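Structure first, then comments.
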Amino acid sequence: MSRAIALKPEQVPAASQPTLDAFTRNIGFTPNMMATFAASPIAFNAWATLLGSLSKTLDVKTRDSIGLAVSEVNGCNYCLTVHSFTAEHMAKLPEDEIILARQGHANDPKRDAAVRFARKVIETRGKVDDADVKAVRDAGYTEANLIEIIALVAMYSLTNFFNNVFDPEQDFPAVEPAGSI
């Protein structure tokens, strides 16, 4: 059961309204997570700015795959439903690739290196080995890309933690629990 109520449009703080309106226009509806997150204009707008900036890094398949891997490790069902939906409909990842991403892998070798590294970062709280860094570099990622992968892990963890704490009502199609994939 949700621990916070998604704000109704008339309840959204004025400082959150433009950001929330932009998401609603782009997505076609207002996700419950965003209507809940908007209660704090500072946190909501900071997250939206980070999301906008990081949407310019890597490619959408890699970003969504990292989101799936991180959300799986953090046990965030809300984010798993969102990333599974966007991975299928926006990134055009087939179902087997979505499952692989949740497990920290990808069929594409370069994307696999990024997803493995992201999963290692979240599992070890950033205490990766030299071999982990070397593997992602050897796959063709630059120093800037490594920083961007770490930033994506942090951003996805923020929404994972938010959703795990507040448990907003699901508004995307359900996905299979981790034990069944």
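Considering (1) farther than 15 Å from PHE162 by Cα; (2) assigned to a loop (DSSP other than H, G, I, E, B); (3) modelled with pLDDT under 95, say which one ALA6 fails and leave the rest.
Tallying (1) farther than 15 Å from PHE162 by Cα; (2) assigned to a loop (DSSP other than H, G, I, E, B); (3) modelled with pLDDT under 95, ALA6 fails exactly one: (1).
Going through LEU58, LEU68, LEU20 one at a time, which residue ends up being assigned to a helix (DSSP H, G or I), modelled with pLDDT of 95 or more and closer than 30 Å to ARG137 by Cβ? Show your work before the answer.
Working: LEU58 fails: assigned to a helix (DSSP H, G or I); LEU20 fails: closer than 30 Å to ARG137 by Cβ.
Among LEU58, LEU68, LEU20, only LEU68 is assigned to a helix (DSSP H, G or I), modelled with pLDDT of 95 or more and closer than 30 Å to ARG137 by Cβ.
Out of (1) farther than 23 Å from ILE122 by Cα; (2) touching a residue at least 24 places away in the same chain (Cβ under 8 Å), what's the single condition that is false for ASP21?
ASP21 satisfies every listed condition except (2).
So, ASP130, is that one loosely packed, with under 15 Cβ neighbours inside 10 Å, over 23 Å from SER53 (Cα atoms) and of a type outside the set (Lys, Arg) or not? Walk me through it before giving the result.
On the way: loosely packed, with under 15 Cβ neighbours inside 10 Å: yes; over 23 Å from SER53 (Cα atoms): yes; of a type outside the set (Lys, Arg): yes.
Against the criterion (loosely packed, with under 15 Cβ neighbours inside 10 Å, over 23 Å from SER53 (Cα atoms) and of a type outside the set (Lys, Arg)), ASP130 qualifies.
I need a count of the residues in the range 92-118 that are surrounded by fewer than 20 Cβ atoms within 10 Å (Cβ to Cβ), at pLDDT below 90 and within 17 Å of the chain's Cα centre (by Cα).
1
Look through SER65, SER71 and report the one residue that is closer than 14 Å to PHE161 by Cα and in contact with a His (Cβ under 9 Å, 6 or more places away or on another chain).
Numbers: SER65 fails: closer than 14 Å to PHE161 by Cα.
One residue alone meets the criteria, SER71.
Return the residues of the range 147-181 that are modelled with pLDDT under 95, of a type in the set (Val, Ile, Thr) and out of contact with any Lys or Arg (no Cβ under 8 Å at 6 or more places or on another chain); say none if nothing qualifies.
VAL175
Looking at GLU72, is it in the same structural domain as PHE161 (by TED's automatic domain parsing), loosely packed, with under 12 Cβ neighbours inside 10 Å and under 19 Å from HIS105 (Cα atoms)?
For GLU72, the condition - in the same structural domain as PHE161 (by TED's automatic domain parsing), loosely packed, with under 12 Cβ neighbours inside 10 Å and under 19 Å from HIS105 (Cα atoms) - is not met.
Check every one of the helices (runs of 4 or more DSSP H) wholly within the range 98-181 and list those with 3 or more residues that are touching a residue at least 40 places away in the same chain (Cβ under 8 Å). Break it down into steps so the answer makes sense when it comes.
Numbers: elements: 109-123, 130-138, 143-166.
Counting at least 3 such residues, we get 109-123, 143-166.
Please verify whether THR24 is at negative phi and in contact with a Phe, Trp or Tyr (Cβ under 8 Å, 6 or more places away or on another chain), treating the condition exactly as stated.
No; evaluated as a whole, the condition is false for this residue.
The values are calculated or read from the model by the stated rules, or taken from the named source; none is laboratory data. Bear in mind the structure is a predicted one, so any value in this text is a computation, not a measurement. Cβ: placed from backbone, ideal geometry, glycine included. Neighbour counts: every protein chain shown.
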